[in-house]
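Please treat every number below as a calculation from the coordinates, not as lab data. The model shown is predicted, which means the values in this text are computed figures rather than measured ones.
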Amino acid sequence: MVVAGPDLLGKTGNLLHKALSAESLRFQVRAHNYANANTPAYKRQDVEFEAYLANALDTRSGSVGLRMTHPRHLADQGGGATPRIIQDYASTMRYDGNNVDIEREMVALTEVAIRYQVLAEQLTRQIRQLRTVISERVV
């Protein structure tokens, strides 16, 4: 999904967009885990995003935001709220070193699909509100 401009939907819209991208990545990673459930020595992967998002939203974190000193500088678009793929090397499910639990991955895939649907509905609602504001005529 491509948003026309960084400030088109505001901070909430940008965060919803980043969350949708993170859930899409998370679904791909979980599907990859499921596909490699029988691959010897495969280590499952996951996506870290919520901690980065919370840190980006926390105004008390002491982090310094970007400041535009020239009109052509890029604006700060949500800080470090970027998803990151991590691997689980700490556990092993089988003797061949694989640590993918198929039931766990299926539950996780379902959770990701539900979260994605909820986020997409919220973003759609925000776009509808923006469309309503734009189309209203002042008499």
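Find how much the distance from Val118 to Met106 grows on full extension, using 0.36 nm per residue of separation minus their present alpha carbon separation; answer in nm with one decimal.
Working: separation 12, 0.36 × 12 = 4.32 nm, distance 1.87 nm.
Gain in length upon complete extension: 2.5 nm.
How much length is gained if the chain between Ala37 and Gln87 is pulled fully straight, taking 0.36 nm per residue apart and subtracting their Cα-Cα distance, in nm to one decimal? Please report the intermediate quantities before stating the final value.
On the way: separation 50, 0.36 × 50 = 18.00 nm, distance 1.43 nm.
So the extension gain works out to 16.6 nm.
Starting at 0 and stepping by 5 Å, how many percent of the alpha carbon pairs of the stretch 95-136 end up in each bin?
All Cα pairs, binned at 5 Å, distribute as 5, 20, 12, 13, 11, 9, 9, 7, 6, 4, 2, 2, 1 percent.
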